[in-house]
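The values are calculated or read from the model by the stated rules, or taken from the named source; none is laboratory data. What you see is a predicted model, and the numbers here were worked out from it, not measured in a lab. Virtual Cβ from ideal backbone geometry, glycine too; neighbours counted across all protein chains shown. SASA here: full protein model, heavy atoms, side chains in, ligands and nucleic acids out. Shrake-Rupley method; radii C 1.70, N 1.55, O 1.52, S 1.80 Å.
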Amino acid sequence: MIDIHSHLLYGVDDGSQSFESSVEMLKAAARDGVKSIVLTPHFSPGLFETTHGRFERLVPEAENLDIKLFLGCEYDFSHLNIQDSLVTLGGNGTYVLMDFCLSPITPMVKNILLEWQTRDYRIIIAHPE
């Protein structure tokens, strides 16, 4: 099983608040049969400069549980117009996790998404409900 949307990266946003909590979340994922997890904190400028060390600290903990970790992020739609490029899930593909929050899917939104798709990004909706 693969978890492509996780706020397991501690001390970043509305997810785990501590290293210990993240390790407990990893253990629960292992018990549930999860083998890969993409950590997807909410995007903010400078996010990866401040979180890379936390990610690296969790990698050996996950490996001990036979879980492979990847780093990505969850974009709010409103951030699309200020980006030159997007961080993909796992950092080496074309899939981008997008949350529309309260943004309605208007023709303008569809046009912006189409523009990113013409740049070879594939949009995955984080919360389709």
Residue list for the stretch 21-42, filter: basic (Lys, Arg) and over 24 Å from Val96 (Cβ atoms): Lys27, Arg31
Filtered residues of the stretch 39-56 (kept if surrounded by fewer than 14 Cβ atoms within 10 Å (Cβ to Cβ) and either under 12 Å from the mean Cα position of the chain (by Cα) or part of a helix (DSSP H, G or I) (or both)): Glu49, Thr50, His52, Gly53, Glu56
Hits in the stretch 98-118 (condition: under 19 Å from Pro41 (Cα atoms) and either open to solvent by 90 Å² or more (accessible area, probe 1.4 Å) or modelled with pLDDT of 80 or more (or both)): Met98, Asp99, Leu102
Cβ pairs under 7 Å, 6+ apart, first in the stretch 15-29 and at negative phi, second open to solvent by 20 Å² or more (accessible area, probe 1.4 Å) and part of a helix (DSSP H, G or I): Ser16/Met25; Phe19/Arg57; Val23/Glu61; Leu26/Glu61
Given (1) open to solvent by 50 Å² or more (accessible area, probe 1.4 Å); (2) modelled with pLDDT of 90 or more, index of the condition Cys73 fails: (1)
Which numbered condition Leu97 misses (of (1) outside any loop (DSSP other than H, G, I, E, B); (2) free of Cβ contacts under 8 Å to residues at least 40 places away in the same chain; (3) touching a Phe, Trp or Tyr at 6+ places or on another chain (Cβ under 8 Å)): (2)
